[in-house]
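Student: Submitted below is the structure of interest, expressed as structure tokens.
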Amino acid sequence: MPKGSPELTASRKEEIVNACETLYQTMSFKEITIKEIGAVTSFTRTSIYNYFQTKEEIFLALMQREYEHWAAELRALAETHETLSADAFASALAHSLEQHEQLLKLLAMNHYDMESNSRPERLTEFKVAYGASLDAVRTCIRKFFPQTDTEQFIFVFFPFLFGVYPYSVATQKQLNAMRDAKLDFKMHSIYEIVYSCVMRLLGGAA
């Protein structure tokens, strides 16, 4: 890591992550390289290696940021409401994930690669953010639905998130293939899928 203020280091890392996020909106994980990321930052490509050793570490930092923001939103939900109905909580949780489509995309498509190609210290930083999201959901369930088995909710809900993106977002090529295969299949929005799952886990009608 180069010498410099913590603020400068944080600013540089944020710029790199932002560049990666921008590219990921129009390019695939495989297409994006450190060279591509460096081309849209204000410093040289080689400087990126002072902060991240692999592109997977950059993507992992992007997902870490998504988890941090999501966890903060859930903590705010718990702090600003004394009670919530199953319908209101399911709706709030679904809306929150609707705003984090990037997180769901990363979970569904590139999670394993990011973790396996990142240094232990980077992976630990990510797991801290992931753990905070687990705790934020636990806090909400324990506060609003004390009769619900919190750990069972976590056990089902978090693995479920890996499948949300593929069932809510499809390319035209995929849609054409499903049509040609004559599949009886209907795409649903992120909100619809998450809302339905949460309602069922809470014992309400989906």
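Student: When you go through (1) part of a helix (DSSP H, G or I); (2) of a type outside the set (K, R); (3) under 27 Å from S85 (Cβ atoms); (4) at pLDDT below 95 one by one for L175, which number turns out not to apply?
Tutor: (3)
Student: Now for a different question. May I ask you to say which residue of G131, G38 is in the same structural domain as K13 (by TED's automatic domain parsing) and part of a helix (DSSP H, G or I)?
Tutor: Working: G131 fails: in the same structural domain as K13 (by TED's automatic domain parsing).
The match here is G38.
Student: So for the range 142-151 (the condition being within 24 Å of S91 (Cβ to Cβ) and β-branched (V, I, T)), does at least one residue qualify? Write out each step before concluding.
Tutor: Step one: filter the range 142-151 for residues within 24 Å of S91 (Cβ to Cβ), giving 142-151.
Of the ones still in play, those that are also β-branched (V, I, T) are 148, 150.
Yes, the range 142-151 has at least one match.
Student: Identify, please: which residue in the range 12-51 is touching a residue at least 60 places away in the same chain (Cβ under 8 Å) and out of contact with any Asp or Glu (no Cβ under 9 Å at 6 or more places or on another chain) and is, among those, surrounded by the fewest Cβ atoms within 10 Å (Cβ to Cβ)? Can you show your working first?
Tutor: Just the residues of the range 12-51 that are touching a residue at least 60 places away in the same chain (Cβ under 8 Å), to begin with: 21, 24, 29.
Next, from what is left, pick out any that are out of contact with any Asp or Glu (no Cβ under 9 Å at 6 or more places or on another chain): 21, 24.
On the way: E21: 17, Y24: 21.
Top of the filtered list is E21.
Student: Residues in the range 73-96: is at least one more than 20 Å from T139 (Cβ to Cβ) and modelled with pLDDT of 95 or more? So that I can check it myself, show each step before the final result.
Tutor: First, pick out the residues of the range 73-96 that are more than 20 Å from T139 (Cβ to Cβ): none.
No, every residue in the range 73-96 fails to be more than 20 Å from T139 (Cβ to Cβ) and modelled with pLDDT of 95 or more.
Student: Looking at the range 120-141, which of the residues that are among the charged types (D, E, K, R) and over 13 Å from the mean Cα position of the chain (by Cα) is surrounded by the most Cβ atoms within 10 Å (Cβ to Cβ)?
Tutor: Of the residues in the range 120-141, the ones among the charged types (D, E, K, R) are 121-122, 125, 127, 135, 138.
Filter once more, keeping what is over 13 Å from the mean Cα position of the chain (by Cα): 121-122, 125, 135, 138.
Values: E121: 9, R122: 21, E125: 16, D135: 14, R138: 16.
In this case the residue turns out to be R122.
Student: May I ask you to list pairs of residues, at least six apart or on different chains, whose Cβ atoms are under 6 Å apart, with the first in the range 73-86 being in contact (Cβ under 8 Å) with a residue 60 or more places away in the chain and the second being part of a loop (DSSP other than H, G, I, E, B) and surrounded by fewer than 18 Cβ atoms within 10 Å (Cβ to Cβ)?
Tutor: A86/G204
The values are calculated or read from the model by the stated rules, or taken from the named source; none is laboratory data. Computed from a prediction, not measured in an experiment: that's the story for all the values here. When we count neighbours, we look across all protein chains shown, and the Cβ atoms used for this are built from the backbone with ideal geometry, even at glycine.
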